[in-house]
């Protein structure tokens, strides 16, 4: 049985280079706001002062930066990046179309239709174009998607290229080819290296971090009292689900409880089917999914999710003795 002071692990998602201490503080402040929203104000100091748990922000963003991924031009996407992004955008648009049908969301549906037209044109011209030309066409797709209300005027991603380049990180992590799989292994080692399997653990993961956490927790030998996934692309069809290791996808064996939260306006989360598409663990644990509705224009951030009382409450309860 795990004993000692609990560990709270934050696992970030796609994006640029992180500042570990700053992001740790921001995530904790958002979780504290969620505690206030849940009417658990007595837990705020215990969280922010690390009395309740030892809090670690697992930062692996620099591992992506080795290839210059943060500053390269659209024409420098390689063929594997392009192949993955075509599949990912196709899956995202398909699922967004289900979320925003023409009869109930005509303006959003028209944006999605325009993006679909651009993507289909890029796919049709793929044989005659190089990766750079396709990459520029895909920037047009993501630029159009930025017209959706959930991402319009977003402070984090200012243009279509930024969206595309950061979405490409998902494909780079999942690349299992010889000479490429080392990136994923290094990221998981970075996450697992900060943990003590002898102590209780709560994991809060976001975006690509939910994919990283899925594979890392399958390798982890300690007990995990709670795993929280926020804005997860795990159920984005074959483009992510079929690339996971191990497969077929199942809840990691050492996880005692798995809560998955999604926001309807989160562009990276198409639909909440994660609980249906990922098998339970041998002990019967599977994802329990709940929708949250965030305020503001950009919902695909961990802090937006953590500010909800419905997200913060189970985290705090899992950390308390």
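The values are calculated or read from the model by the stated rules, or taken from the named source; none is laboratory data. Worth saying up front: this structure is predicted, and the values here are computed from it rather than measured. All Cβ positions, even for glycine, are placed from backbone atoms using ideal geometry, and neighbour counts span all protein chains on display.
Points to keep in mind about this one:
- Some residue of region 262-273 being farther than 30 Å from residue 109 by Cα and without any contact (Cβ under 8 Å) to a residue 60 or more places away in the chain: no
- Of all residues in region 281-308, none that is outside the structural domain of residue 232 (by TED's automatic domain parsing) and part of a loop (DSSP other than H, G, I, E, B) has its Cβ atom under 8 Å from the Cβ atom of a residue that is buried (at least 19 other Cβ atoms within 10 Å of the Cβ) and at pLDDT 95 or above, 6 or more apart or on another chain.
- Residue 197 within 30 Å of residue 80 (Cβ to Cβ) and in a loop (DSSP other than H, G, I, E, B): no
- Boolean, residue 227 is within 17 Å of the chain's Cα centre (by Cα), modelled with pLDDT under 95, assigned by TED's automatic domain parsing to the domain that holds residue 278 and part of a strand (DSSP E or B): no
Yes/no matrix, rows are residues, columns are (1) surrounded by fewer than 22 Cβ atoms within 10 Å (Cβ to Cβ); (2) under 25 Å from residue 18 (Cβ atoms); (3) at pLDDT 90 or above:
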| residue | (1), (2), (3) |
| --- | --- |
| 133 | yes, no, no |
| 136 | yes, no, no |
| 140 | yes, no, yes |
| 148 | yes, no, no |
| 151 | yes, yes, no |
| 155 | yes, yes, no |
| 158 | yes, yes, no |
| 165 | no, yes, no |
| 170 | no, yes, yes |
